[in-house]
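Input: a single structure, listed below in structure tokens.
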């Protein structure tokens, strides 16, 4: 069993502000920081820290070696990450206000220049016991999902950042569709009718999360754990990575939801994105103090 993640790798540039700027407004930041980010890298870190054997599939520039070191230090196999001489490593400009709300600008860089032929070769190693994670921050998503399903693997697709056409293209090849409540509303408005996936995972922030088994019609609800938020960046990625890892190790849906919810709750109490994702022992300790 293993998690294979076709995902973005970003360097996050984080600016802390009293409030988010309005159009035409210039504000001075109270603090600046740099760290590991990207929805893909975040999910790989979360999956690895949850205890799953995790392979990251992606691309970045020739420099920025500290980024790969951070991933490897979290337990992620980075041997399939390509280094591209003519592309910048993806990066994000993240603005955070005092209430932990954020606004984010992303430059894809190498994330959108992945060699799809090399990707197909790598994915030939997938087995029916493996899981492929995908988000909307790279190229090659549909081909990767097709390859994974051909080999009998589970495909978990995070439809974020939301793009209706990209989502429609990959839905026939996904096993589980993961999104937040806002993304779900956009999908339901643009794609009425049944969804061609086995499961639908919807995260709802302070309202918790739910998983709908679209085959049996059963729904599981997981309340959110009450914490004081510091930074919500990467919370959804933490949830997705931990949920995938939970299924990978054989947890049932309810157990995987509870584990992922606890990991996301701990994440929002910490500043940062990938670097702030909790480890499995930290999540287990947090859960030990929570009511069943």
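Results, tabulated for the structure shown:
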| read-out | value |
| --- | --- |
| Tally of residues being surrounded by fewer than 17 Cβ atoms within 10 Å (Cβ to Cβ) and free of Cβ contacts under 8 Å to residues at least 40 places away in the same chain across region 252-292 | 11 |
| Check on residue 138, part of a loop (DSSP other than H, G, I, E, B), crowded, with 23+ Cβ neighbours inside 10 Å and either on the phi > 0 side of the Ramachandran plot or modelled with pLDDT of 95 or more (or both) | yes |
| Residues (in a helix (DSSP H, G or I), out of contact with any strand residue (DSSP E or B) (no Cβ under 6 Å at 6 or more places or on another chain) and buried (at least 18 other Cβ atoms within 10 Å of the Cβ)) located in region 154-170 | 167 |
| Index of the failed condition, residue 291 passing every other in (1) closer than 18 Å to residue 156 by Cα; (2) modelled with pLDDT under 95 | (1) |
| Within region 205-231, tally of residues that are assigned to a loop (DSSP other than H, G, I, E, B) and closer than 14 Å to residue 262 by Cα | 8 |
| Any pair with Cβ under 7 angstrom, 6 or more apart, that starts in region 209-237 at a residue that is at positive phi and ends at one that is part of a loop (DSSP other than H, G, I, E, B) | 234/273; 234/277 |
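The values are calculated or read from the model by the stated rules, or taken from the named source; none is laboratory data. Since the model is a prediction, treat every value here as computed from it, not as a measurement. Please note: Cβ atoms are built from the backbone with ideal geometry, for glycine as well, and neighbour counts cover all protein chains shown.
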